[in-house]
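Okay, so here's the structure we're looking at.
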Amino acid sequence: MNAVGRSLPHDSAHGHVTGSALYIDDMTPLAGELHVDFVGSPIASGTLTGIDVRAAMAINGVVAILAHRDLPGEKRLFGPIFHDEPFLVEEEISYIGQPIVIVAATNREIARAAAAAVVLQCEPSLPILTIDDAIAKNSFLGPRRKIERGDVDAAFAAAPHRIEGVLRTNGQEQLYFESQACIAIPGELGSIRVISSTQNPTETQSVVAEALGLGLHQVVCECKRMGGGFGGKETQSALPAIMASLVAAKTGRSARIIYGKDQDMIVTGKRHAYQTSYRAAFDDEGNILAVDVSFHSNGGAFADLSTSVMERSMLHLDNAYYLPNARITGQACKLNYPPNTAFRGFGGPQGVVVIENILQHIAQSLGRDAWDIRRLNAYRDGDRQRSLTPYGQWVQDHVIQEIFSTLEQTSDYRQRVRLIDAFNERSSVYVKGIAMSPIKFGISFTSKFLNQGNALVNVYTDGTIQVSTGGTEMGQGLNTKIRQVVADQFGIEPADVIVMTTSTEKNNNTSPTAASAGTDLNAQAAVVACEQIKAAMSSFAANRLSSLTRGIAASTEHICFVDGYVYDDRNPENRIAFGPFCDMARRERVDLGARGFYATPGVDFNRETGQGTPFFYYTTGAAVSEVTIDRFTGEMIVDRIDVLMDVGKMINPGIDIGQIIGGFVQGMGWCTNEELVYDESGKLLSTSPTTYKIPNITDIPSQFHVDTIENPKHRINVSRSKAVGEPPVMLGISVWLAAQDAIFRATPGRVVEMPLPATSEVNLITMQNRLAAVVQPT
Ligand code: MTE
Ligand code: MOS
């Protein structure tokens, strides 16, 4: 039986529900281990003028108090793209919570008490807290980027219809259950072992080495699993690692740092809030003729991944639609908040929602059904004229039009629109709306060099296998999929394969597990390693098996690994079980281990010209959402969701469907209830799950249909699968569009301009403003 294509339970499913799966803070403390906490800046912007640690030092059990001056390395700044972020505040303060003083104590309570006893003197200055203010003050991160195709100005001048507006989309907290966490253990020769809850062991290794002035060979970073990452541990796991490692290096004792939930929410970066000005031109039929879009994001105080996130927004402005003329510019802004960072979708959602808003407004202004306008503009496979993205990549081998037709039937869209109209006429209290939105998500890192992976495969003499890759497990099921792919290579049971702890000691110079490409890169690298081992095994097997089979010439071509046996396919009777075969091979000195390397072919993007082929392929899909809004309170209920996606041939259908559901719900949270609220000093007020509402089980509609569509044209990538982790997030946008639709139906007239998320408050205010506008005399 094939190991690939089976819905095996997640490797850690049992561990997750019984509590036996170890997270960082579950690890037994080493003798003498210290607990680390820190004192963050109380102000968003200003200068640090003094630190008084006398009271803190006097507390029994406090072992060390460290600050910027204690950093041994020569480097002062770090960052994944630009080195602009200080390891610790030296003088200039850039956001509330920015680490200033590190305390280490014999237990967590003492560490916390010591942190509270540290007295900071700061001179505040005026912070930049809005994108408008940042634009006015030229406070930017990196250059302004542009992607342009066609003659936008001429198309606007000649167009029969135009719309324009500004769309504001809020940020989003990753809300992984395991907060940032790290244990640093000092070793010999100045070395340090960092056990981190990180999506990015290689980056953690290098940041710790820079902070401590060590060579990369002196730092090992490992990660067994994360209790969720969602992008929030792609770069932001670095600061806790720096703090724990500094304590370990200074005291010679193991050091553990575990952020509290509120602390984590206050000091770490989130999804970028955006402010986007847009114009669109279209004809009487609703064909888009031109778009002109200018993105500004709240990047926070340091660059982090903001320029990359912006790039992905720009590359997703077309979403699933052909835009004959397009001008797309993007600028990340520097504000006094924690540096914003990766979050599932990585700028994609902020780009996709803009074009979806435009299409919705085209439909509203023409009085047409938005489904038809979307379908009209969607890419059609084989239509070479209309398959080129604004950045010059061909969109091919997709089933976007088939997704539209299938979903139209399975969601019963037309009939439901009629029912909704009838309902809305009847009900004076509630109003319903419905919307469909597709996704075409580009798979690959847009920085070419990150599209690589390596894997170490060790086969043992009983026929069992250990695999190590640079990929990290955060709940998404990467390890389970790798296990299936490797088992499939040798024709053995997945239970005979284990994916080991990720460590920079086994896999070097790796990319973060991100961009949904974890399986694509790491499982494929493992396949390459398996092929090397199989080549060595096959030479041995050919000689061995043909000597047992008179009359057949030895040939490696005929050796197969199937159903737990090795045999020559011309004589399958003469087979050897895989375990004994491995033992025999070792006795004949066959190498039963290999390191595989994989680099995604053909991807390249020139960000100066805004042209190229950034993506290996696209994951596509669509969703239809129906909502009911209370006309008097704005409260919204999601009634029904229908999702259909092309995720290729699934390695593990159970896990992929789980990713689709989880991704959709996370996207829906961004679009509906998740609201980051700050006070006028830049302080986050929604700092815990009680004040920041992620979707609850009761927010999930009882009718939630999720299905996949076959795409025989997709012939590339590992086992012909497709990445699935992020794309469904952007289908959650259909819920926001459904809210907009309901508001349009309740208060017909001009196009509905509303920000995202569609909280009850936003829904109510939008409806009231529209009613007021109608009532007011002109
Ligand atoms: N699923 C779970 N359960 N937990 C997570 O933290 N992160 C998402 C997605 N699915 C995440 C998840 C993000 S942001 C990405 S980029 C991908 O998983 C990364 O893993 P993959 O590349 O192996 O899909
Ligand atoms: Mo995911 S945002 O690429 O870690």
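Please treat every number below as a calculation from the coordinates, not as lab data. Owing to the predicted nature of the structure, the values given are computational and were not obtained by experimental measurement. Cβ atoms come from the backbone with ideal geometry, glycine included; neighbour counts cover every protein chain shown.
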What translational diffusion coefficient, in µm²/s and rounded to a whole number, does the Stokes-Einstein relation yield for segment 92-133 at 25 °C and a viscosity of 0.890 mPa s, taking the hydrodynamic radius as the Kirkwood radius over Cα pairs?
-> 192 µm²/s
Going by average Cβ neighbours within 10 Å, how do the peptides 42-51, 423-432, 755-764 rank, with the highest at the top?
-> 755-764, 42-51, 423-432
Give, in nm to one decimal, the length gained when the segment between ALA495 and ALA772 is fully stretched (0.36 nm per residue of separation minus the Cα-Cα distance).
-> 93.2 nm
Highest to lowest packing among 18-26, 694-702, scored as the average C-beta count within 10 Å | 18-26, 694-702
Calculated FRET efficiency for the pair TYR565/LYS137, C-beta based, R₀ 45 Å, to 0.05 = 0.05
For every other residue with a beta carbon closer than 12 angstrom to the beta carbon of ASN543, add +1 if it is Lys or Arg and -1 if Asp or Glu, then tell me the sum.
-> -1
What 222 nm value per residue comes from the helices of the chain, counting each DSSP H run with n ≥ 4 as -39,500 (n - 2.57) and dividing by all residues, nearest 500 deg cm²/dmol?
-> -9000 deg cm²/dmol
Plugging the Cβ-Cβ distance of VAL166 and ALA554 into 1/(1 + (r/R0)^6) at R0 = 51 Å yields, to the nearest 0.05, a FRET efficiency of 0.10
Computed FRET efficiency, Cβ-Cβ of GLU505 and GLU680, R0 35 Å: what is it to the nearest 0.05?
-> 0.15
15 Å beta-carbon shell around TYR617, net charge (K/R +1, D/E -1) | 0
Which pairs, out of LYS481/LYS649; LYS75/LYS137; LYS233/LYS261; LYS75/LYS146; LYS224/LYS481, put more than 21 Å between their alpha-carbon atoms?
-> LYS75/LYS137; LYS75/LYS146
Using the Cβ atoms and a cut-off under 11 Å, what net charge is assigned to the surroundings of GLY46, where Lys and Arg are +1 and Asp and Glu are -1?
-> -3
Cα centroids of segment 571-649 and segment 715-757: how far apart, whole angstrom?
-> 22 Å
Can you list the residues, at least 5 places off or on another chain, whose amide H is less than 5 Å from the amide H of ILE439, using H built in the peptide plane?
-> GLY621, ALA622
Distance in nm between pseudo-label sites at GLU92 and VAL17 (7 Å out along the Cβ direction from Cα) | 5.2 nm
Assign one of three labels to the chain, namely rounded, prolate or oblate, based on the Cα gyration tensor with a ≥ b ≥ c the square roots of its eigenvalues; rounded applies when a/c is under 1.5, prolate when it is not and a/b is larger than b/c, and oblate otherwise.
-> oblate
How do 407-420, 306-319 rank on mean C-beta neighbours within 10 Å, highest first?
-> 306-319, 407-420
ASP283-ARG414 pseudo-label distance in nm [points 7 Å out on the Cα-to-Cβ vector] | 2.4 nm
Kyte-Doolittle mean at least 0.0 and Cα axial length at least 30 Å: DSSP H helices in the chain | 518-548
